[in-house]
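Values in this text are rule-based calculations from the coordinates and carry no lab data. Predicted, not measured: the structure shown is a model, and the values here were computed from it. All Cβ positions, glycine included, derive from the backbone under ideal geometry; neighbour counts span all protein chains shown.
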Amino acid sequence: MKKFLSFLLVITLLMTTMLAGCGQKSPSSSANQGNSSNANSSTNTTTDLTLWTFVGLHAQMYNAAAKRWNETYPNQKINLKVVTYPYEDMHNKLLVALQSGVGVPDIADVELGRFPQFLKGTPQLADLTDLVAQDKDKYIESRLELYSKDGKLYGLPTHGGAVMAFYNKDILDKAGIDPSTIKTWDDFIAAGKIVKEKTGKPMLAVSQTAMWEFNTMIGQQGSDYFDQDGNVILDNDTNIKTLQFLHDMIYKDQIAVIPPGGQPDTTQAYGWIDKGNVAAVVMPFWFMSRFVSYMKDLKGKIIVEPAPIWKDENKYPTVGQGGTGTVVPSAGKHVDIAKKFLAFAKETKEANLEIWNTLGFDPPRWDVWPQLATDPGDNQYTQYFVNGKDIFKILYDSTKGNIVSLRSTQLSVTANDLMANQVLYKVLKANSATAEQALKAAANELRKDKNSGQ
Amino acid sequence: MGKRKNFLTDILYTPKWAPYFFVLPFLITFLLFFLYPFINAFVMSFENIIGPNQVEFVGFQNYKSLLNYHFYTALWNSTRYTFWTLLILIPFPLILAVLLNSEKLIGKKFFRAALFIPILTSAVVAGIVFSLIFGDPQLSPANSFIKIFGMAPKTWLRDVNVAMFLLVLLATWRWTGVNIVYFLSGLQSIPKDLYESAEIDGAGTFSKFLYITIPLLKPVIIYVLTISIFGGFAMFTESYIFWGTHSPQDSGLTIVAYLYQQAFENGNLGLGCAIGVVLLAIVLIINIIQLRFFGLYKKEEV
Amino acid sequence: MESHASNIGSKEKYNDSSYKNNLFARNIIGRFFIVAFFVVLSIIALFPLYYLIVSSFKPADQLFTTGLDATINLKVMNLKNYISLFGSQGGLYLSWYKNSLIITILGTILTLLLSSMVGYGLAVYQFRGRNLIFTLVLFIMMVPMEMLLLPMYKLMVSLNLLNTYWGVILPGVVSPTAVFFFRQYAAGLSKDFMDAARIDGCTEFGIFWRVMAPLMIPAFGAMTILVALGNWNNFLWPLIVMRTDQMFTLPVGLMSLLTPYESNYSVLLSGSVLSILPIVIIYLINQEAFMSGLTVGGIKG
């Protein structure tokens, strides 16, 4: 009996703590809200803004912007709270919050691959079209389209992601090749054969678990996975020819290999590239930061050049790949000020210069490129590359901001999975299907998915 | 008054009412934290969820769209994985537990702790270490190892033929120690005098294992078997450690990985719930058959 | 098999000394092999942890440039990763630790108490609805968490439990795996004591608490470590429930430091080492208290 009483006591204690636990919550949460509203009405009118991102460096950029904001607008101060979550989890958390309409952040970074799902139906995101209205022609147009639906912009781009060629100077010197003479993919293959002969090393690392090179090549020719109406064109002639071209680079010309880890931007590949196992990678602009962080032995040995183009039928000098769109959930408490801050942090010319300085990205507003071409400043990126000072000169001269991106649709996640794990796996890795067979199969599956109304 | 007191004493003293008191915490949490969300999710499996107020009823559409080769592959992978883990992760830890339970073994405390360590390692860290061990370079530990046997280096993580092997290997590494803990605790409840009297009757190590340990450990073995079936079909972490959410030719795709892809990457929560319901049905049927087979629903037999 | 056993027995009964010596020698060799076998297993099991610890003292970029290099090289090893862990997010890191400890301790005690009651109730009593309840326990165990995420989140919103410890603890407070395990364990115990206790006038709960629970100590031991481990490592649910970084648990906080887009691996490795420590300690204490004690004392049936 005594034992039982003591048990009851424990249970009641637990119950009371539980109740206390539940009870505590409401006052504290309302206190928090109270704080912000109190603060709003009182002297400084400070607004609490929450921002979710999955990149620690972005957090630095936003925090710096918040500091500048508070100096610029002392009457409308913000208290920015940036929370960094892991990639997968931030998107899942955002999805759950948006779906239930409760607990959304004021601002959030959304990665390109995850963006389409947030555009489903009527997006739960604020329309950002007005933020870029007067600067629209200064943006890489395709970057804005990625985050738009029905003519409305829902995400501000972070970078252009322009694909460039990165050559290992040591290897090319040994083969006696000047990378600035490589203009077309044919030149590239010719040079690759010499490199292979003289050094025994492959010219190019070709992704199999990602589509960096394939997308670059088809994008340059104006092709895509989907047409402007969203129809599947993955198995068109250009794509088949291009995939065959990649296949031949590996198996016929034998100047390309799949890097360890399956793509150049993996931990395994970093060490491999760093040890000088490949003469070139053709990757988006942001790959520069991987060089700087992970491939320290190659410092002073990497030359940046424009990506090779096609001799005939080339439509675009290069392709923009990867990306992060910053959104303002419409269920947020301070949508207006969040939008205003976002414009301040990412849209203005000054903000775009800051994107280069803190993140090392090619700013999505190409009108800052000429300025960066003449004065790129002095940072770890300009120091790392042989021609680090000329990066923006090369980028601007070769593209003039005319950069295409492949379309992002509701089927993109599935399409990317099929491309990496079925098509490229079979054609480039296992060599078990022809380019045509593999692309046709994938395209047909996508058409079926589209018809079933996904 | 008197009647009330009787009722109270009834609850406390008679085996007729007391069990309801014992299971009460479960019933409360079940109703509050499970039944409601589950019904919610079940309803969602018949819906196309676009946004908070944009939901359309689509009947069996979500279930119908599961008839595709990705889902079949996921089913097949999960089934094979469950089969292999059952085959390895029950006998192997059981034998290890018996050895570790012997009073004669030197350093058994250390061994117990060592074998338990892997489950403590987070998925991210395990992912880094294992991707280096099974790295593509010719000198990666795995490739150096198979070289001893004269085998050519492999690109382990991008080879559809070794995917299942890798998954089962990782599962063995992670879960052996946990199952040992279950079995060890079960071994403690076996009275020592049973062994002693068997020894007097001249039983050898093997027959003691077969005729005393196994039968008396049966409830714990059934437990491990049941949660292994469940764990096998619900596996996602092991696959995620190696490949993230997508693997070559779906070689690492499991049912829950497919659920994750559809619900979170494609933002198709309704379809995700449908996959969850199908998974539940499969595991429930298998487990109920298995539990009936072991007579778990009958009181006398356990 | 039985005949084989009796064979050995009959030989032993003859007390053949040369056979006994032979057996003794075989035992020694056998035991040596068993120990050697366990040494190999332990090395395999411990290697990743060893690698993690060694790497956590090295510059993070070495992880990729030198591949799998687990050598201890005091020249390149230093405490930088640990300092940066406390430096950048110092205060936060401690509050993550605190949150994890609170959730783990509270959650584990409650789970053990309630789950053992339920499991015990299901095992020793025959009552109407028993099979149904047991099936429900199994049912919960089988529903993938990913599927319930959105409805559970909505529930937490309506219960006003977002960003609270209880929001993390309560949904898991009756763990189906623990219930099932306790049920199985209790089912294997002899019921003779119960009747004796009833005659002594114990309440049914008294029987559980005073007589049967002590017999289930090894089960409590196993479950303490596994439930604590589950609570400590729980990632997905705290991530969804907790909204401010002061309320994060250690795994969530650590993961928030790691993004694939920069070299934060230094913090990840040192942080992982520190996050494993408490569980290792719990395990070791637990092993002392529950396992070893019992092997000596044993349970007399």
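Which cross-chain or sequence-distant (5 or more) residues have an amide H under 5 Å from the amide H of B:E47, H modelled 1.01 Å from N in plane?
B:V58
Tell me, C:C202, B:C273 in order of fewest to most beta-carbon neighbours within 10 Å?
Fewest-to-most Cβ neighbours within 10 Å comes out as C:C202, B:C273.
DSSP beta bridges in the protein assembly as shown, what fraction antiparallel, as a percent rounded to 5?
Rounded to the nearest five, the antiparallel share is 65 percent.
Using the Karplus curve 6.51 cos²θ - 1.76 cosθ + 1.60 with θ = phi - 60°, what ³J(HN,Hα) values do you get for each residue of region B:100-117, in whole Hz, with x for Gly and Pro?
6, 7, 5, 6, 7, 5, 6, x, 5, 4, 4, 4, 4, 5, 4, 5, 8, 3
Once you put a point 7 Å from the Cα of C:K191 and another 7 Å from the Cα of A:T122, both along the Cβ direction, what distance in nm separates them?
6.2
Calculate, in whole percent, how much of the Cα-Cα pair population of chain B lies beyond 35 Å.
38
Where nothing but the Cβ of Lys and Arg (+1) and of Asp and Glu (-1) is charged, how large is the charge dipole of chain A around its Cα centre, in debye to the nearest 20?
That gives chain A a dipole magnitude of about 1320 debye.
By the scheme Lys and Arg +1, Asp and Glu -1, what is the net charge of all other residues having a beta-carbon under 12 Å from that of A:N387?
Net charge in that neighbourhood comes out at +2.
So, R0 is 56 Å and r is the distance between the beta-carbons of A:V102 and C:I285; what FRET efficiency does that work out to, to 0.05?
With R0 = 56 Å, the Cβ-Cβ based efficiency is 0.85.
Rounded to the nearest 0.05, what FRET efficiency do B:E199 and B:L86 give with R0 = 41 Å and r taken as the Cβ-Cβ distance? Could you check?
The calculated FRET efficiency here is 0.80.
Given Cβ point charges of +1 (Lys, Arg) and -1 (Asp, Glu) and nothing else, what value in debye, to the nearest 20, does the dipole of chain B about its Cα centre take?
600
Which FRET efficiency value, to the nearest 0.05, do you get for B:K192 and B:K147 by plugging their Cβ-Cβ distance into 1/(1 + (r/R0)^6) with R0 = 60 Å?
Using R0 = 60 Å, I get an efficiency of 0.80.
For q = 0.09 Å⁻¹, what log10 I(q)/I(0) does the protein assembly as shown give under the Debye formula with an equal point scatterer on each alpha carbon and no solvent?
-1.10
If amide H atoms are built 1.01 Å from N in the plane of the peptide, which residues on other chains or at least 5 residues away come under 5 Å of the amide H of A:M164?
Those lying under 5 Å, H to H, from A:M164 are A:M283, A:F285.
Along Cα→Cβ, 7 Å out, is where each label goes; now give me the distance between the ones at B:Y69 and A:N431 in nm to one decimal.
2.2
Quick one: check the C-alpha center-to-center distance for region B:231-295 versus region A:61-124, whole angstrom.
Distance between centres, Cα-based: 30 Å.
I'd like to know which of A:S207, A:G388, A:Y225 lies farthest towards the positive end of the charge dipole of the protein assembly as shown, counting +1 on Cβ of Lys and Arg and -1 on Cβ of Asp and Glu.
The Cα lying farthest towards the positive end belongs to A:S207.
Please get the size of the charge dipole for the protein assembly as shown, origin at its Cα centre, with Cβ charges of +1 on Lys and Arg and -1 on Asp and Glu, quoted in debye to the nearest 20.
For this selection, approximately 3000 debye.
In the neighborhood of A:P376, defined by Cβ-to-Cβ distances under 11 Å, what is the net charge if each Lys or Arg adds +1 and each Asp or Glu adds -1?
Around A:P376, the surrounding residues sum to -1.
Averaged over peptide A:70-79, how many Cβ atoms belonging to another chain are found within 10 Å of each residue's Cβ?
Mean shielding by partner chains, rounded to a whole number: 0.
Measuring from centroid to centroid over Cα atoms, what is the spacing of region A:232-261 and region A:338-392 in Å?
Using only Cα atoms, the two centres lie 33 Å from each other.
Work out Dmax and Rg for region B:218-258 from the C-alpha atoms and quote the Rg first, both in angstrom.
12.8, 40
What angle do you read, to the nearest 10 degrees and between 0 and 90, between the alpha-carbon axis of helix A:56-72 and the longest principal axis of chain A?
The two axes meet at around 60 degrees.
Compute the distance in nm between two label points, each set 7 Å from the Cα along the Cα-to-Cβ direction, one at C:A36 and one at C:K98.
5.4
Tell me, what HN-Hα J-couplings in whole Hz come from the Karplus equation 6.51 cos²θ - 1.76 cosθ + 1.60 at θ = phi - 60° for each residue of region B:75-84, using x for Gly and Pro?
So the J values, rounded to whole Hz, are 4, 5, 4, 5, 5, 4, 4, 4, 4, 5.
Residue-wise, which Karplus ³J(HN,Hα) couplings in Hz belong to region B:47-53, taking 6.51 cos²θ - 1.76 cosθ + 1.60, θ = phi - 60°, and x for glycine or proline?
For region B:47-53, the Karplus curve yields 10, 9, 9, 9, x, x, 10 Hz.
Tell me which aspartates and glutamates have Cα within less than 14 Å of A:K201's Cα, excluding those fewer than 8 residues away on the same chain?
Excluding near neighbours in sequence, the set is A:D170, A:D173, A:D253, A:D274.
Do any of A:K193/A:K252; A:K169/A:K299; A:K296/B:K154; A:K149/A:K339; A:K120/A:K346; A:K448/B:K64 go past 21 Å between their Cα atoms, and which?
Working: A:K193/A:K252 11 Å; A:K169/A:K299 11 Å; A:K296/B:K154 28 Å; A:K149/A:K339 18 Å; A:K120/A:K346 25 Å; A:K448/B:K64 13 Å.
Pairs exceeding the cut-off: A:K296/B:K154; A:K120/A:K346.
Show the residues, 5+ positions off or on another chain, whose built amide H is closer than 5 Å to the amide H of A:S405.
Distant-sequence amide H within range of A:S405: A:G320.
What is the angle, in °, between the Cα long axis of helix A:237-251 and the longest principal axis of the Cα atoms in chain A? Nearest 10 is fine, range 0 to 90.
It works out to around 70 degrees.
Tell me the mean residue ellipticity at 222 nm calculated for chain A from its helices only (DSSP H runs of n ≥ 4, each -39500 (n - 2.57), averaged over every residue, nearest 500).
-13500 deg cm²/dmol
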